[in-house]
1. For the range 157-216, what are the residues that are over 30 Å from residue 139 (Cα atoms) and hydrophobic (A, V, I, L, M, F, W, C)?
2. Restricting attention to the range 56-89, report how many residues are under 16 Å from the mean Cα position of the chain (by Cα), assigned to a loop (DSSP other than H, G, I, E, B) and among the hydrophobic types (A, V, I, L, M, F, W, C).
3. Are any of the residues in the range 112-122 over 23 Å from residue 192 (Cα atoms), part of a helix (DSSP H, G or I), over 14 Å from the mean Cα position of the chain (by Cα) and not assigned by TED's automatic domain parsing to the domain that holds residue 175?
4. Looking at the range 38-52 only, could you name the residues that are in contact (Cβ under 8 Å) with a residue 24 or more places away in the chain and surrounded by fewer than 18 Cβ atoms within 10 Å (Cβ to Cβ)?
5. Given the options 94, 135, name the one that is closer than 30 Å to residue 68 by Cβ and in a loop (DSSP other than H, G, I, E, B).
Amino acid sequence: MNSVLIAASDDLVTMIMIGGLLFAGFIAVVAMIVFAVYGKLWFQAWMSGADIRLASLVGMFFRQVNSNVIVTAKVMAAQAGLSIDRRTGISTNRLEAHYLAGGHVMGVINAIIAAQRAGIDLDFDRAAAIDLAGRDVLDAVKTSVHPKVIDCPDPQRSGKSTLSAIAKNGVELRIRARVTVRTNLEQLIGGATEETIIARVGEGIVSAIGSAEKHT
């Protein structure tokens, strides 16, 4: 009887050991696959001081986030001297959230870096909000530094090179105007787009000529 119990006990121990070895082997294989897929990307982030964990890269796969975009953006932010603090800075979670919201992560980071170099106060939240509002935040930063000249009408948009208006004396005038604009980042969300500016300027020109007694 005792020999039977001892044999059963030995079999149980053997099964537990085999199960443990199989489980350890499975974990090792998974770890090797993860490192083979994300190891290079994680090492790049680590060498650049971008503070991205390997587990975060794996999580991005399940959340359908492009890990290359997030790593590149955070590396750029770190190298540009921007804060990448997990609580108050440009963290991995905030970049992922903006990506999942349909935002252009690289455009936002490039805009913040450009703003920093130009001495413009632009934080991640405001840049992300401008981006999600459908505006080109990088172009907005550039225009706030270097005013942009807009043709009215714009041949590339309307196919017309001039505006046509008739004065009260019956003379038709063909006009083309150039407007210089500078972006105000504080009022950009909800503000006029280039198309709106062109339309308003065109309406003003046509209205002014149409109400004039003479064409001269």
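1. First, the residues of the range 157-216 that are over 30 Å from residue 139 (Cα atoms): 164-174, 207-216.
Hits for the range 157-216 are 165, 166, 167, 171, 173, 208, 209, 212.
2. Summing the residues that are under 16 Å from the mean Cα position of the chain (by Cα), assigned to a loop (DSSP other than H, G, I, E, B) and among the hydrophobic types (A, V, I, L, M, F, W, C) in the range 56-89 gives 3.
3. So in the range 112-122, the residues over 23 Å from residue 192 (Cα atoms) come out as 113, 116-119.
Keeping just the survivors that are part of a helix (DSSP H, G or I) gives 113, 116-117.
Still in the list and also over 14 Å from the mean Cα position of the chain (by Cα): 116-117.
Narrowing further to those that are not assigned by TED's automatic domain parsing to the domain that holds residue 175: 116-117.
Within the range 112-122 (the criterion being over 23 Å from residue 192 (Cα atoms), part of a helix (DSSP H, G or I), over 14 Å from the mean Cα position of the chain (by Cα) and not assigned by TED's automatic domain parsing to the domain that holds residue 175), the answer is yes, since at least one residue qualifies.
4. Selection gives 44, 48, 49, 51.
5. Values: 94 fails: in a loop (DSSP other than H, G, I, E, B).
Of 94, 135, the one residue that is closer than 30 Å to residue 68 by Cβ and in a loop (DSSP other than H, G, I, E, B) is 135.
The values are calculated or read from the model by the stated rules, or taken from the named source; none is laboratory data. Model, not experiment: these values are computed from the prediction. All Cβ positions, even for glycine, are placed from backbone atoms using ideal geometry, and neighbour counts span all protein chains on display.
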